[in-house]
Amino acid sequence: MALFELGTVVATPGALQCCAQHQINPSTLIARHANGDWGELCTSDIQANVDAIAFDGRVLSSYMIDGKKLYVITEWDRSVTTLLLANEY
């Protein structure tokens, strides 16, 4: 069960290309994000996500795929969730 609303889910071409190249379904990363598996975050970023869920802030996840960092970001108002490469941020 998702911990928060995702809104409209979008992805950048770079993120989609990375996922395709490594045979990863982007929906898997989105589901991990929505269920509180925020990937490779430090303790303070994890706490920021916990607070963001409780108090309507932005939620961030970070996943490494073959040396490339992908972010999943849900905006504070839950209007949109974006999958993107870190260098596209």
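Selection of segment 4-23 for residues being under 17 Å from SER79 (Cβ atoms) and loosely packed, with under 14 Cβ neighbours inside 10 Å yields GLU5, THR8, VAL10.
Is it fair to say ASP51 is touching a Gly at 6+ places or on another chain (Cβ under 8 Å) and free of Cβ contacts under 8 Å to residues at least 24 places away in the same chain?
On the way: touching a Gly at 6+ places or on another chain (Cβ under 8 Å): yes; free of Cβ contacts under 8 Å to residues at least 24 places away in the same chain: yes.
Here the answer is yes, as ASP51 does meet what is asked.
Within segment 54-76, can you find the residues that are touching a residue at least 40 places away in the same chain (Cβ under 8 Å) and out of contact with any Ser or Thr (no Cβ under 7 Å at 6 or more places or on another chain)? Passing the criteria: ILE65, ASP66, LYS68, LEU70, GLU75. Of the residues making up segment 1-31, those that are touching a Ser or Thr at 6+ places or on another chain (Cβ under 8 Å) and either without any contact (Cβ under 8 Å) to a residue 40 or more places away in the chain or among the hydroxyl-bearing types (Ser, Thr, Tyr) (or both) number 2. Identification of helices (runs of 4 or more DSSP H) wholly contained in the chain with 1 or more residues that are acidic (Asp, Glu), within 13 Å of the chain's Cα centre (by Cα) and at pLDDT 95 or above yields 43-55.
The values are calculated or read from the model by the stated rules, or taken from the named source; none is laboratory data. Keep in mind that what you see is a predicted model, and the values were worked out from it rather than measured. Don't worry about glycine lacking a Cβ; one is built from the backbone with ideal geometry, like all the others, and counts go over all protein chains shown.
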